[in-house]
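Step one of this worksheet: look at the structure below.
The values are calculated or read from the model by the stated rules, or taken from the named source; none is laboratory data. Because the structure is predicted, anything quoted here is derived from the model rather than measured. Here Cβ is always computed from backbone atoms with ideal geometry, including for glycine, and neighbour counts include all displayed protein chains.
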């Protein structure tokens, strides 16, 4: 659900940047109340894990589409909404700047749609009330699925509204909406199931994490070493190997656009869109989660791909050492950024 700049106007993109910056400032101020030496490293490793998980697109059967986890709800359950919002912002910023995943002009909208709605709406108004007062595993499972579905529905609707208000594309509102909401309903169900499984694992290994987070308290001296190591190993394995098994089908947003226009991507207008595209081209040294190739090699590779796809489907799993290295590097960069943000806020609070 990473929006490209072609979908958004400078006015809407700028407004979403301002709104996102305001929410991030609010989150940074509030998170100082419960951040400590246990929560900071957990922010980093959870950021790395969600980054890696977002590399794996899973096929939506019978649609020709795919989806990936957003992770905002999972982060909110384990870190609290404020720390989660800063962590998901770190993930999407790394993806945008260094992997060209999502537009730079649309970054504010992407952080809001994929992160803040889950952290500040789906978690406190849906998940948290359903799991209050010593919840059973069944209630946690139900709350995870329901909150994930609603969070994804709100995010998908946000994309449609931002595209409509931008007016830079010719996507009809009703058709776009009728495609975006059902496909993200399916994606939300999968995200809810995965979130529930991970939360139930944390509940078994270190239930105090969930209890402290729900109460908005510092983690104190609760043990997180086992959870930290497990998540770190999972991040490395997911980005380094499981990413080979990602679906080649377009994601829910690309699929919706393709069903309206016949093309999975739209051409961005000239002017300020080109300015942001040039900046992103310079910063993104791992575009499409692989190492950047010289222009001539890129042309030859594109021609070879086009020729091969006309004859036979691409190999699956797509074993690629470049993808593995890019994924691991991205996970490390996300871990470092989220950790640095948490550590900086902890020192400021002191």
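If residue 248 satisfies every condition in (1) in contact with a helix residue (DSSP H, G or I) (Cβ under 7 Å, 6 or more places away or on another chain); (2) surrounded by fewer than 20 Cβ atoms within 10 Å (Cβ to Cβ); (3) at pLDDT below 95 but one, which is the exception?
Every listed condition holds for residue 248 apart from (1).
What is the number of the single condition among (1) surrounded by 24 or more Cβ atoms within 10 Å (Cβ to Cβ); (2) more than 24 Å from residue 266 (Cβ to Cβ) that residue 58 does not meet?
In the conditions (1) surrounded by 24 or more Cβ atoms within 10 Å (Cβ to Cβ); (2) more than 24 Å from residue 266 (Cβ to Cβ), residue 58 misses (1) alone.
For residues that are touching a helix residue (DSSP H, G or I) at 6+ places or on another chain (Cβ under 6 Å) and more than 16 Å from residue 101 (Cα to Cα), scanning just the stretch 256-270, find the one that is surrounded by the most Cβ atoms within 10 Å (Cβ to Cβ).
Within the stretch 256-270, the match that is surrounded by the most Cβ atoms within 10 Å (Cβ to Cβ) is 256.
Output the residues belonging to the stretch 222-245 that are over 25 Å from the mean Cα position of the chain (by Cα) and either touching a residue at least 40 places away in the same chain (Cβ under 8 Å) or closer than 25 Å to residue 146 by Cα (or both).
Within the stretch 222-245, just 222 meets the criteria.
Among (1) under 30 Å from residue 17 (Cβ atoms); (2) over 23 Å from the mean Cα position of the chain (by Cα), which single condition is residue 262 missing?
(1)
Here's a check for you: in the stretch 169-199, which residue that is surrounded by fewer than 20 Cβ atoms within 10 Å (Cβ to Cβ) and more than 22 Å from residue 58 (Cα to Cα) is modelled with the lowest pLDDT?
170
Within the stretch 5-105, which helices (runs of 4 or more DSSP H) (wholly inside it) include 1 or more residues that are more than 18 Å from residue 210 (Cα to Cα)?
10-31, 39-54, 81-99
Checking the conditions here, which among 286, 253 is within 13 Å of residue 171 (Cβ to Cβ) and within 19 Å of the chain's Cα centre (by Cα)? Lay out the reasoning, then the answer.
Values: 286 fails: within 13 Å of residue 171 (Cβ to Cβ).
From the options 286, 253, the qualifying one is 253.
Restricting to helices (runs of 4 or more DSSP H) lying wholly in the stretch 106-223: which have 3 or more residues that are more than 19 Å from residue 88 (Cβ to Cβ)?
Numbers: elements: 107-111, 137-166, 173-205, 207-215.
Result: 137-166, 173-205, 207-215.
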